[in-house]
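**Student:** For reference, the structure I am asking about is given below.
The values are calculated or read from the model by the stated rules, or taken from the named source; none is laboratory data. Only a predicted model underlies this, so the values are computations on that prediction, with no experimental measurement involved. Cβ atoms come from the backbone with ideal geometry, glycine included; neighbour counts cover every protein chain shown.
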Amino acid sequence: MKPGKPLIALLAFVAGAVAFLAVWPLSASPMIVFVTAEGETVTPRFDPAAFRDTRWYELGPKDWDPYAQTAALRRDIGSLRDADPRAKELLRGVQEIWTRAPTNPDLDGKAIRIPGYVVPLDRGPLGMSEFLLVPYFGACIHSPPPPSNQILRVSLPAHAKGLKSMDQVWVRGTLRIARSETAHGASAYELSAVTVEPYVR
Amino acid sequence: MRSLLGLALRSAWNRRSTLSLVAFSIALSTLLLLGFERIRADVRQNFSQSVSGTDLIVGARTGAVQLMLYAVFRVGGATNNVSMDALRAVAANRAVDWLVPISLGDSHRSFPVLATTPEYFKRFQYGDHRKLATGEGRVFDGTLDQLYDCVLGAEVAQALGYRLGDHIVLSHGSGAIPGAEHADKPFTVVGILQRTGTPVDRTVHISLEAMEAIHLDWAGGAPMPGMHIAPEEARKFDLAPKQVTAALVGLKNRVAVFAVQRAVADYKGEPLMAVLPGVALDDLWDVIGVGEKALLGMSAMVGVVSLAGLVAVVLAGLNERRRELAVLRAVGAAPRHLLLVLAAEGALVTLIGAAAGLVVTVLSIVLLGPWLQARYGIGLTLEAPSVEQWSLLGAIVVAGFLSSLVPGWRAYRMSLVDGLSPKA
């Protein structure tokens, strides 16, 4: 080869290598795919306008003041040290109220769209079939758990592949209040999802 | 066009020994890429199938991943035990539906031994909420009459050729060194579970009481000298377990999972932790993900290297083929035809290599699959290549075609004169 040729050959080869390396990460793109029990991929069909954007604070009743019952304790909070038993008492009190946090009856049966973080519950061979949706990152893992009206139990239309812990998603679905007597007698929300999409502003 | 391709084919056939070596190296790198992708997908599949319907795993405070690896996959070790008192307190939580304690640590010929309650067989779920089922025999009921009964996972029974009624001896710890065996208290196989494709297949199940019984005359990890308690006598002792390794917990309402997790972490008696299996699994993938990417990158680099080999071989061949190409030009082939001939040759070799790689991958899954399953509990599934694998295969072929444009281009530029007038 004459000089100069190897350079061009090298460039062409590098281009090939780059093309090669560029194709395989395509498989790793974070797509949420719904798969039925029969293993078929399904695309959820829905009318985007039918779902009202909902904020997390709307999930509590309008007149609900989570701090009302601890007002007396809170008056002293400035003077409390972290290790003070009364501070712990306060925290326990708040948590107790949180686990009994009331739901908003107006939202029962409503079609909503809400953003949040995924905490996986069930994952079969075909993907996730159920997860909890929480309002802030690291909810439940690094801090006291959010109030029970700030946790949505989401059931999916089919198994979702490509969803993982703490993914940020938009969920569209019908909200239901499940008045279960089991956990502290508190009611909780269930969201039967129509679709789950990666979160975009 | 067709005659040109035929020409390329016959020309390549003439140099089949060199080109087949190149095809072989491409086949190997295809095997590497596809095999790695298969193993990666199947390991994830196996792991995520291994536990279902369990909302929390409770154990002594350690890493979330570590606790789950040990309790579910029998990988690694436990940092500490959990007292039954603590577990009773957790079970008393109003949100807890069921709690199944498990105790690990012993083994039988390198298969892990799991001590648990009979409830385990009813509660444990895998895959898509599938329950354990006995293939043969029955499970133990936890009474003293069935103290030395054990239930085998399908893989244990198959690998060691055990049948119902056989007697087996458990070893303390991993069981590699003789002398740490519970030879005085053999167990009877009363049941063999159906295959699940999970670590359950590789597990020997005994009751918690039996675990206590075989360790009655043990202290500090060794049999106490001068002390021997006969199997029958052991039944007279208090065999209620005092501490276990971990517990699987199911909740009445899964929304309460964080509250229960918090309650477990706040337990005053001893440091405990509760992990959500799904979250711990994702933590694990985060850790493994880096290694996976590195391995996949390495495999891809091997692919690139074998394509470099292809380019080198065809380029080197060009010198010997000067006359061949010049004759082609002389009989009327345009330079672009030469480009086509050489690109077709490269694409052909890559295609053959990739196809051979696919075949070898399938063969090795078929031939090595059972061995991997038995040895490491990783079930490789033979299925049509996934989207990822097709894209990998496609990437190899496309890259092969692109890199064979290099010699093609070189031939394109070689003039007629260059071929016909030999240099001095």
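This table checks each residue for (1) among the β-branched types (Val, Ile, Thr); (2) within 30 Å of B:Glu388 (Cβ to Cβ).
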| site | (1), (2) |
| --- | --- |
| B:Ala274 | no, no |
| B:Pro277 | no, yes |
| B:Asp283 | no, yes |
| B:Gly297 | no, yes |
| B:Ala308 | no, yes |
| B:Val311 | yes, yes |
| B:Ala316 | no, no |
| B:Arg323 | no, no |
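**Student:** Next up: Of the conditions (1) more than 21 Å from A:Phe131 (Cα to Cα); (2) touching a helix residue (DSSP H, G or I) at 6+ places or on another chain (Cβ under 9 Å), B:Val255 satisfies every one except a single condition; which number is it?
**Tutor:** Unmet condition: (1).
**Student:** Okay, moving on. Given the residues B:Arg202, B:Arg138, B:Arg123, B:Arg130, which is the only one that is in contact (Cβ under 8 Å) with a residue 12 or more places away in the chain, under 21 Å from B:Leu372 (Cα atoms) and assigned by TED's automatic domain parsing to the domain that holds B:Ile214?
**Tutor:** Exactly one of B:Arg202, B:Arg138, B:Arg123, B:Arg130 is in contact (Cβ under 8 Å) with a residue 12 or more places away in the chain, under 21 Å from B:Leu372 (Cα atoms) and assigned by TED's automatic domain parsing to the domain that holds B:Ile214, namely B:Arg202.
Yes or no, residue by residue, for (1) in the same structural domain as B:Leu358 (by TED's automatic domain parsing); (2) without any contact (Cβ under 8 Å) to a residue 60 or more places away in the chain:
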residue	(1), (2)
B:Arg10	yes, yes
B:Arg15	yes, no
B:Phe36	yes, no
B:Ser83	no, no
B:Leu104	no, no
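**Student:** Could you check, for segment B:202-215, whether at least one of its residues is at pLDDT below 85 and more than 11 Å from chain A (Cβ to nearest Cβ)?
**Tutor:** The answer is yes, given that some residue of segment B:202-215 is at pLDDT below 85 and more than 11 Å from chain A (Cβ to nearest Cβ).
**Student:** Looking at B:Val260, is it outside any loop (DSSP other than H, G, I, E, B) and free of Cβ contacts under 8 Å to residues at least 40 places away in the same chain?
**Tutor:** no
**Student:** Something else: Before we move on, is B:Asp166 loosely packed, with under 14 Cβ neighbours inside 10 Å and acidic (Asp, Glu)?
**Tutor:** For B:Asp166, the condition - loosely packed, with under 14 Cβ neighbours inside 10 Å and acidic (Asp, Glu) - is not met.
**Student:** Of all the residues that make up segment B:141-164, how many are touching a Gly at 6+ places or on another chain (Cβ under 9 Å) and modelled with pLDDT of 90 or more? Explain how you work it out, then say what you get.
**Tutor:** First, pick out the residues of segment B:141-164 that are touching a Gly at 6+ places or on another chain (Cβ under 9 Å): B:149-152, B:154-155, B:157, B:164.
From what's left, modelled with pLDDT of 90 or more: B:149-152, B:154, B:157, B:164.
Total meeting the criteria: 7.
**Student:** Six or more apart or on different chains, Cβ under 7 Å: which pairs go from a residue in segment A:166-179 that's charged (D, E, K, R) to one that's part of a loop (DSSP other than H, G, I, E, B)? Could you list them?
**Tutor:** Taking only residues 6 or more apart or on different chains, the pairs are A:Arg172/A:Phe46; A:Arg172/A:Phe51; A:Arg176/A:Asp108; A:Arg176/A:Gly109; A:Arg179/A:Ser187.
**Student:** For segment B:179-256, please list each of the strands (runs of 3 or more DSSP E) lying entirely inside it that holds at least 2 residues being under 21 Å from B:Thr143 (Cβ atoms).
**Tutor:** B:187-193, B:204-207
**Student:** Given the condition outside any helix (DSSP H, G or I), modelled with pLDDT of 85 or more and more than 14 Å from chain A (Cβ to nearest Cβ), answer yes or no: does some residue in segment B:13-32 qualify?
**Tutor:** no
**Student:** When you scan segment A:134-145, how many residues do you find that are buried (at least 17 other Cβ atoms within 10 Å of the Cβ), part of a loop (DSSP other than H, G, I, E, B), more than 7 Å from every other protein chain (Cβ to nearest Cβ) and modelled with pLDDT of 60 or more?
**Tutor:** Of the residues in segment A:134-145, 1 are buried (at least 17 other Cβ atoms within 10 Å of the Cβ), part of a loop (DSSP other than H, G, I, E, B), more than 7 Å from every other protein chain (Cβ to nearest Cβ) and modelled with pLDDT of 60 or more.
**Student:** Which is within 14 Å of chain A (Cβ to nearest Cβ), under 30 Å from B:Arg40 (Cβ atoms) and of a type in the set (A, V, I, L, M, F, W, C), of B:Val360, B:Val290, B:Val366?
**Tutor:** B:Val290
**Student:** Given the condition part of a helix (DSSP H, G or I), out of contact with any strand residue (DSSP E or B) (no Cβ under 6 Å at 6 or more places or on another chain), away from chain A (no Cβ under 13 Å) and modelled with pLDDT of 85 or more, answer yes or no: does some residue in segment B:55-62 qualify?
**Tutor:** no
**Student:** Out of (1) buried (at least 17 other Cβ atoms within 10 Å of the Cβ); (2) part of a helix (DSSP H, G or I); (3) within 30 Å of the chain's Cα centre (by Cα), what's the single condition that is false for B:Arg44?
**Tutor:** (1)
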